[in-house]
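Working notes, beginning with the structure itself.
Readers should treat all values here as calculations from the given coordinates under stated rules, not as data from a laboratory. Fair warning: this is a prediction, and the values are worked out from it, not measured in the lab. Methodologically, a virtual Cβ is constructed for each residue, glycine included, from the backbone with ideal geometry; neighbour enumeration extends over all protein chains shown.
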Amino acid sequence: DIMKNLVLTMILAALLMAPVYGQDGNGKGEATAVENSRELLEKMDFVIEADRVVMPDGENVMVSSITNFISVQDDNAVIQISPLRGSSGPNGVGGLTVEGTTSKIRISLDKRNNVTMTMMVSGISVSAFVTITVPEDGNRAVVRIDPSYNMEDITMMGTLVPSGMSDVIQGQTY
């Protein structure tokens with residue numbers, strides 16, 4: 001009896017953890033990862049929590065996704081890059097935080113089903129062209145930040161999440 005219950009419990013757990021494919025009750029197929037990502041970007045209410053930053057000199061730095069992010073809510077964007085560990089940095093959390101207004105927003109889908117969003121972010125301390133690319137297979141994103149003031153691009157890689165599901169810590173904005 002105990003062995004039978006254990007086997008049934010393991011089968012049930014495996015079924016609950018397995019991805020579900022097919023159709024919902026309305027006869028429509030479930031949304032694909034690319035559809036979910038595109039919808040999230042179009043709503044303009046998301047955060048990309050970065051766990052890796054490629055600095056202008058090409059150095060690839062593993063970072064905390066809690067303090068390295070780009071968030072977009074309506075027409076407001078916050079870019080925070082905090083690669084410094086053990087140092088408070090200008091923003092109080094090891095780096096720099098800038099805030100601006102989004103404009104010139106475009107969202108496209110390429111032939112490989114990658115979703116790309118481009119936008120300008122302009123504010124008191126920021127003027128940058130931002131490109132966000134989400135491959136068709138998931139919610140991982142690559143963010144390229146191209147500042148207008150210099151040629152030192154920064155790339156962030158992380159997870160695309162709805163703003164309400166993000167746990168980022170925002171430092172002092174400049």
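Between E136 and Y174, the distance separating the two model label sites (each 7 Å from Cα on the Cα→Cβ line) works out to 4.2 nm. When the alpha carbon gyration tensor of the range 55-149 is reduced to an equivalent ellipsoid, the three semi-axes, largest first, read 24, 17, 11 Å.
For E136, nonlocal amide neighbours, meaning residues 5 or more places apart or on other chains whose placed amide H falls under 5 Å from its own, are N114, V115. On full extension, the segment bounded by D75 and R52 gains 5.8 nm, given 0.36 nm per residue less the C-alpha separation. Among the chymotrypsin sites (Phe, Trp or Tyr not before Pro) found in the range 68-171, those both in a DSSP coil and sparsely packed, with 10 or fewer other Cβ atoms within 10 Å of their Cβ, are Y149. Across the range 34-41, coupling constants 3J(HN,Hα) worked out from phi with the 6.51/-1.76/1.60 Karplus curve, θ = phi - 60°, read 5, 5, 5, 5, 4, 4, 4, 5 Hz, and Gly and Pro carry x. Of the GluC sites (Glu not before Pro) found in the range 99-174, those in coil by DSSP whose Cβ has at most 13 other Cβ atoms within 10 Å are E152.
Cα centroids of the range 39-75 and the range 95-129: 11 Å apart. Using θ = phi - 60° in the Karplus curve 6.51 cos²θ - 1.76 cosθ + 1.60, the 3J(HN,Hα) couplings for the range 49-56 round to 8, 7, 10, 8, 10, 9, 6, x Hz; x is entered for Gly and Pro.
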